[in-house]
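Participant: Quick one: the structure is below, and I'll ask about it shortly.
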Amino acid sequence: MKFLRQVLAIVQKDLAAELRTKENLSAMVVFALLVLVIFNFAFELQGVDITVLGSGVLWVAFTFSGILGLGRSFAAEKDKGSLEGVLLSPVDRGAVFLGKATSNFLFITVMEAVTLPLFALLNNVGMPWFPLIPYILLGTLGFAAMGTLLSAVAASTKMREVMLPILLFPVSIPLLMAAVKLTGGALQARAFADVSNWFNILIVYDVIFLVVAFWVFEYVVEE
Amino acid sequence: MRNSDRRLDALGLATLVFVIAGLYMAFLYAQTEVNMGLVYRIFFFHLGAVAAGFFAIIVVAVAGIAYLRTNARAWDRIAESSAEIGIVFCTIALLTGMIWARPIWGVWWTWDPRLTSFLILWLIYIAYLMLRASARDDARVARFSAVFGIVGALNVPIVIMSARVWRGISPVLFQETQQGFTFGLTPEMTQTLVVCITACLLLFFYLLALRTRLEAVRDELVALRRARSAR
């Protein structure tokens, strides 16, 4: 119970800091929108079947924009020196990780919640909300967990803005493959049996890396 | 002569014997394959490098876990050395695979599950070494790289599984055919393959021992310099 309260306290802190300026969130949303627009011109999405290419476009927008938010997650704490404060408080390291991961997950989800309807609107495509939203949330979960851990690593290196994507993308390729395939399956209204392999991979990835990141996080933030 | 020197020399000698035997067997002992002709012989070196490339990332992860548990610099030295040697074998595996694919498949590159998995493994090695280079001055570099090594190695089986599903191949753990086609291995070919893979793994261990020792000597040097300037 105490552990849960600590997690919530970290989440509350991050949300309060973000809601005061909304800098990070607005940057993420604008960036995702820009990715959609650029893809439209890069690939001439007008003529093609958007249900085929759309899942890739969406996930590129989600991950690229997500990386922006994840990068700020620890870089901001480092710059303001508030990470020391968090670490000095009598809070379990695991709770710090879960709190940061939860707030990152929430920020990315908010960005996706704005991007997804815009994508539907811009491409005149109907959204099968039911399987789509759980798929996207599951993909975001693994991405946020992994991103939170590696953001803490990257924030301490010399070239942190560049380091995060270099670390995060190679290890999130399986997640990305599964998320793109599932989203594509949902957009094309395919049967679940067609994509169930991908669903399993996504679940396996989420579980493994949530547990591992939770376990190793203390080694990353400890001075 | 120290005891460890003697052991290292014995390992080097064994490596040399196996490498020479492997070269002899790959070029002269194993008969030419009927469908592919001489070009298939690159396979013996390719699979050896693949084995060493995979093995190295396991060493990186295991040494990383051991480092996080014990905090002993020796484990970090092993992890760093293994990653450096691993990326060399990984590059050799990718290049030999491409050289083989050109005459057989007609293309230098195809997004075949095995090639794809190996390319991603290669990228993970690159990220690992870049992280080390970027955080070199930080006292926590060993911990960062241990964490990334563990995460990277855990990714490898998932990558292999998803690359197979991606190409519409059901996710089985053991591949039933060699490289997408069934080629009957004659007993001579199998023997050659075993010798070549053993040679590559021995070479990996030998290089790992040398590289780890170099790092240890370097640490010693830094300590000596520091002690001198403090005086």
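Participant: For B:Ala135, all conditions in the list (1) facing chain A (nearest Cβ under 10 Å); (2) open to solvent by less than 20 Å² (accessible area, probe 1.4 Å); (3) at pLDDT 85 or above hold save one; what is the number of the exception?
Facilitator: Condition not satisfied by B:Ala135: (3).
Participant: Of all residues in the stretch A:141-167, which are within 9 Å of chain B (Cβ to nearest Cβ) and of a type in the set (D, E, K, R)?
Facilitator: Matches in the stretch A:141-167: A:Lys158, A:Arg160.
Participant: Which of the residues belonging to the stretch A:186-211 are facing another protein chain (nearest Cβ under 8 Å) and either free of Cβ contacts under 8 Å to residues at least 24 places away in the same chain or more than 27 Å from B:Ala153 (Cβ to Cβ) (or both)?
Facilitator: Result: A:Asn197, A:Trp198, A:Val204, A:Ile208.
Participant: Starting from the stretch B:97-109, keep only residues that are more than 19 Å from B:Phe44 (Cβ to Cβ), then list their pairs with residues that are open to solvent by 40 Å² or more (accessible area, probe 1.4 Å) and part of a helix (DSSP H, G or I) whose Cβ atoms are within a distance under 7 Å, requiring at least 6 positions of separation or different chains.
Facilitator: Listed pairs, sorted by first residue: B:Trp108/B:Met98; B:Trp108/B:Arg102; B:Trp109/B:Met98.
Participant: Checking B:Ile160 against (1) within 22 Å of B:Ile92 (Cα to Cα); (2) modelled with pLDDT of 95 or more: exactly one of these is not met. Which one?
Facilitator: Against the list (1) within 22 Å of B:Ile92 (Cα to Cα); (2) modelled with pLDDT of 95 or more, B:Ile160 comes up short only on (2).
Participant: Output the residue which, of all residues in the stretch A:35-58 that are more than 21 Å from A:Met111 (Cβ to Cβ) and in contact with a helix residue (DSSP H, G or I) (Cβ under 9 Å, 6 or more places away or on another chain), is most open to solvent (accessible area, probe 1.4 Å).
Facilitator: Across the stretch A:35-58, the extreme among qualifying residues is A:Gln46.
Participant: Here's something else I'd like to know. How about the stretch B:48-68: which of its residues are crowded, with 23+ Cβ neighbours inside 10 Å and aromatic (Phe, Trp, Tyr)?
Facilitator: Matches in the stretch B:48-68: B:Tyr67 only.
Participant: I've got another one for you. List every residue pair whose Cβ atoms sit under 6 Å apart, with the two residues 6 or more apart in sequence or on different chains, where the first one lies in the stretch B:215-226 and is on the phi < 0 side of the Ramachandran plot and the second, anywhere, is of a type outside the set (A, V, I, L, M, F, W, C).
Facilitator: If the second residue must be of a type outside the set (A, V, I, L, M, F, W, C), the pairs left are B:Glu215/B:Arg77.
Participant: A further question follows. Take B:Phe118 and decide whether it is within 14 Å of chain A (Cβ to nearest Cβ), more than 21 Å from A:Pro174 (Cα to Cα) and aromatic (Phe, Trp, Tyr).
Facilitator: No.
Participant: Quick one: B:Leu28 ticks every box in (1) touching a helix residue (DSSP H, G or I) at 6+ places or on another chain (Cβ under 8 Å); (2) over 21 Å from B:Ala163 (Cβ atoms) except a single one, so which number is it?
Facilitator: For B:Leu28, the failing item is (1).
Participant: Continuing with this model, one more query. Taking the conditions exactly as written (surrounded by fewer than 17 Cβ atoms within 10 Å (Cβ to Cβ), within 19 Å of the chain's Cα centre (by Cα) and away from every other protein chain (no Cβ under 14 Å)), does B:Leu129 satisfy them or not?
Facilitator: no
Participant: When A:Pro170 is evaluated against the numbered criteria (1) more than 11 Å from chain B (Cβ to nearest Cβ); (2) without any contact (Cβ under 8 Å) to a residue 60 or more places away in the chain; (3) of a type outside the set (Val, Ile, Thr), which criterion, by number, is the only one it fails?
Facilitator: (1)
Participant: Considering only the stretch B:69-96, state which residues are under 17 Å from B:Ala135 (Cα atoms) and open to solvent by less than 20 Å² (accessible area, probe 1.4 Å).
Facilitator: B:Asp76, B:Ala79, B:Glu80, B:Ser81, B:Ala83
The values are calculated or read from the model by the stated rules, or taken from the named source; none is laboratory data. Not measured: the values here are computed from a predicted model. Ideal geometry is used to build each Cβ from the backbone, glycine not excepted, and the neighbour counts take in all protein chains shown. Only protein heavy atoms, including side chains, enter the accessible area calculation; ligands, DNA and RNA are left aside. Shrake-Rupley method; radii C 1.70, N 1.55, O 1.52, S 1.80 Å.
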